[in-house]
Amino acid sequence: MAADQGPGPSLRPGVPTGASPAAPAVTVAGPSVPRAAEVLTPEALAFVAGLHCAFEGRRQELLARRKTRRAEIARTGTLDFHPETAAIRAGDWKVAEAPRALRDRRVEITGPTDRKMVINALNSGARVWLADFEDATAPTWENVVTGQLNLIDAFEGRIDFTSPQGKAYTLRPAAELATVVVRPRGWHLDERHLLVDGAPVAGALLDFGLYFFHNAERLLAKGADDPNSGPYFYLPKTESHLEARLWNDVFAHAQAELGIPYGTIRATVLIETITAAFEMEEILYELRDHASGLNAGRWDYLFSIVKNFRDAGGHFILPDRNSVTMASPFMAAYTRLLVRTCHRRGAHAIGGMAAFIPSRKDPEVNAVALAKVKDDKDREAAGGFDGSWVAHPDLVPVARASFDAVLGERPDQKDNPGPDEAVTAARLLDIAGAGGSCTRAGLHNAVQVGIRYIEAWLRGLGAVGIFNMMEDAATAEISRSQIWQWVHNGVILSDTGEKATAELVRRLVAEELAALRAESGDAAYARGRWSEAAELFEQLSLAEEFVDFLTLPAYELLD
């Protein structure tokens, strides 16, 4: 039984890594950051450089393979399960058993690694905290370095924070804290502030490498009874099982280099691309010695559909993004397949995000939104998921109640295979079956959210409250990609009868900037980066050629 070999060997115990005998030249090219020397030690930098030398070539091959596969999708207009990996899907195998800290994952909270969020997330009552160096973090060098420092301080019990208003934040006792699961950046992002032999390292390898180097032994020393007793990760933006294989080989290399037992690391993979949805079994198989579960997202998954099928015709045109829920037929098929795959292979199935930010001033808004959150979490728990995400501590008890009602004292429901209905390629790709409409109101909302998010991101904020929702880069991606899709397909907006055109988008962008100036005042507006944000959003939304990730050109504008 063998998966598509693809680029590079598969590293398991006893396989040499082929590290270069000559020490590479490592250059820190970022601005000065307080206490950076505690993170960017010579030993840690050498470890990251070793990862770069061992795996950068394969990373580049796999990024090139993404383009080849996208071209094939453009040619055929479809996707299917790989016939060459049918033996894996039919095989009898399981992933490694979950460590004690990851057996009960009924509620997980997500957020960036700034000091206040670290404390609030760990204290939130959630079982797991996704400590995010990816979509919820704008990767300024300061954010990248201080995020690592904050995690070290938290594990050492020396983290605190005082707000400008004088409110003090401290950690609860260690046994009451959430389990930290770190999400590094995706394979596509470089880190220009750290160079190895003059080339930027992968953001993924820097985030993973620094965290693992500084914390693997520290966490293991805490013992299995501590909620933070091992190095655990979420893997984003995975597009194929070959990319999962690369991660597995990175894990094997890293554990061998530091003398950490093979199989100590655990990873949960976000199935947030349409191509990965067709390779769930293969992804778990490649990571089987380190796999912990799969997660079902929404915005990045929809963004991936637009990106891959952008020229495949009207069948793939998405309606207003807020009308596409996890209950939409093609999304329900995707979640059914995820639950079934995970439970068949002994992995956790983790549900999607509840992004609502409760209002301290509007109880009516809260009541309506919390009812929707409850319905969403009830549906996930009834559908076989073992846990789910929330973005705000106030949502932890809401989600927990939904899963408590189904799980009781059990840590998971892996004995539940989920709904019996078969999931076919046709059902996963039945975008038209979602129904809904393309509206001017939806177009306007995409412009509003996209510009507001990008402006905050350019100021170094990755998790941004917009219209009572906690948004990250995935929201901006689906917003700009949906506009691109509507304009390039000449969509007629159902509520006004207008055609979605570049001219209409530019008018909405101009109107939004005027409204923002009026709302904030000239002085506050001038302190922001609104013009840059609007220009970038407009360029990405109306470009002739679709840009793969908005964070690639946006990164060049970060300080």
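Some observations on this one:
- Restricting the first member to region 20-41 and to residues that are touching a residue at least 24 places away in the same chain (Cβ under 8 Å), and the second to residues that are loosely packed, with under 14 Cβ neighbours inside 10 Å, no beta-carbon pair is closer than 6 Å while six or more apart or on different chains.
- Residue count, region 63-83 (criterion: over 21 Å from Val306 (Cα atoms) and either touching a residue at least 40 places away in the same chain (Cβ under 8 Å) or touching a strand residue (DSSP E or B) at 6+ places or on another chain (Cβ under 6 Å) (or both)): 1
- Filtered residues of region 73-112 (kept if at pLDDT below 95, of a type outside the set (Ser, Thr, Tyr) and open to solvent by 50 Å² or more (accessible area, probe 1.4 Å)): Arg75
- Qualifying residue in region 340-348 (condition: touching a residue at least 24 places away in the same chain (Cβ under 8 Å), under 17 Å from Glu108 (Cα atoms), part of a loop (DSSP other than H, G, I, E, B) and open to solvent by less than 10 Å² (accessible area, probe 1.4 Å)): yes
- Selection of region 349-360 for residues being assigned to a strand (DSSP E or B) and aliphatic (A, V, I, L, M) yields Ala349, Ile350, Met353, Ala354.
- Where a residue in region 315-335 is over 24 Å from Gly450 (Cβ atoms) and touching a residue at least 24 places away in the same chain (Cβ under 8 Å) and its partner, wherever it lies, is basic (Lys, Arg) and open to solvent by 10 Å² or more (accessible area, probe 1.4 Å), with Cβ under 8 Å and at least six apart: Ala327/Arg379; Pro329/Arg427; Ala333/Arg427
- Count of region 374-425 residues which are of a type in the set (A, V, I, L, M), open to solvent by 70 Å² or more (accessible area, probe 1.4 Å) and in a loop (DSSP other than H, G, I, E, B): 0
- Complete set of residues in region 276-299 that are closer than 19 Å to Ala332 by Cβ and open to solvent by less than 10 Å² (accessible area, probe 1.4 Å): Ala276, Ala277, Phe278, Met280, Leu294, Asn295, Ala296
- Scope region 497-554; condition open to solvent by 30 Å² or more (accessible area, probe 1.4 Å), within 16 Å of Ala456 (Cβ to Cβ) and in contact (Cβ under 8 Å) with a residue 24 or more places away in the chain; matching residues: Leu513, Arg529, Trp530, Glu532
- Residue within region 148-167 that is out of contact with any Gly (no Cβ under 8 Å at 6 or more places or on another chain), in contact (Cβ under 8 Å) with a residue 24 or more places away in the chain and assigned to a strand (DSSP E or B) present: yes
- Residue that is farthest from the chain's Cα centre (by Cα) [pool: residues in region 42-99 that are farther than 21 Å from Pro231 by Cα and of a type in the set (Phe, Trp, Tyr)]: Trp93
- Among the residues of region 306-335, those identified as outside any helix (DSSP H, G or I), more than 30 Å from Glu97 (Cβ to Cβ) and touching a Ser or Thr at 6+ places or on another chain (Cβ under 7 Å) are Pro319, Asp320.
Quick grid of which residues meet (1) within 30 Å of Ala405 (Cβ to Cβ); (2) touching a helix residue (DSSP H, G or I) at 6+ places or on another chain (Cβ under 7 Å):
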{"site": "Phe81", "(1), (2)": "no, yes"}
{"site": "Ala96", "(1), (2)": "yes, no"}
{"site": "Ala101", "(1), (2)": "yes, no"}
{"site": "Gly111", "(1), (2)": "yes, yes"}
{"site": "Lys116", "(1), (2)": "no, no"}
{"site": "Ala126", "(1), (2)": "yes, yes"}
{"site": "Asp132", "(1), (2)": "yes, no"}
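- If you go through region 51-84 and pick out every residue that is farther than 18 Å from Glu243 by Cβ and of a type outside the set (S, T, N, Q), you end up with 6.
- Among the residues of region 240-247, some residue qualifies, meaning at least one is touching a residue at least 40 places away in the same chain (Cβ under 8 Å) and of a type in the set (S, T, N, Q).
- From the options Ala154, Ala126, Ala168, residue that is open to solvent by 60 Å² or more (accessible area, probe 1.4 Å), over 22 Å from Glu56 (Cα atoms) and among the aliphatic types (A, V, I, L, M): Ala168
- Subset of region 432-445 [at pLDDT below 95, outside any loop (DSSP other than H, G, I, E, B) and open to solvent by less than 40 Å² (accessible area, probe 1.4 Å)]: Gly433, Ala434
- Sole residue being assigned to a strand (DSSP E or B) and buried (at least 18 other Cβ atoms within 10 Å of the Cβ), chosen from His214, His193: His193
- The number of residues in region 474-509 that are in contact with a Leu (Cβ under 7 Å, 6 or more places away or on another chain) and of a type in the set (Gly, Ala, Ser) comes to 3.
- Number of the exception - Ala136 against (1) of a type in the set (Gly, Ala, Ser); (2) loosely packed, with under 15 Cβ neighbours inside 10 Å; (3) in contact with a Pro (Cβ under 8 Å, 6 or more places away or on another chain): (2)
The values are calculated or read from the model by the stated rules, or taken from the named source; none is laboratory data. Just so we're clear, the structure is a prediction, and the values are computed from it rather than from any experiment. Positions of Cβ are generated from backbone atoms using ideal geometry, with glycine treated the same way; all protein chains shown enter the neighbour counts. Side chains included, ligands, DNA and RNA excluded: accessible areas come from the protein's heavy atoms. Shrake-Rupley method; radii C 1.70, N 1.55, O 1.52, S 1.80 Å.
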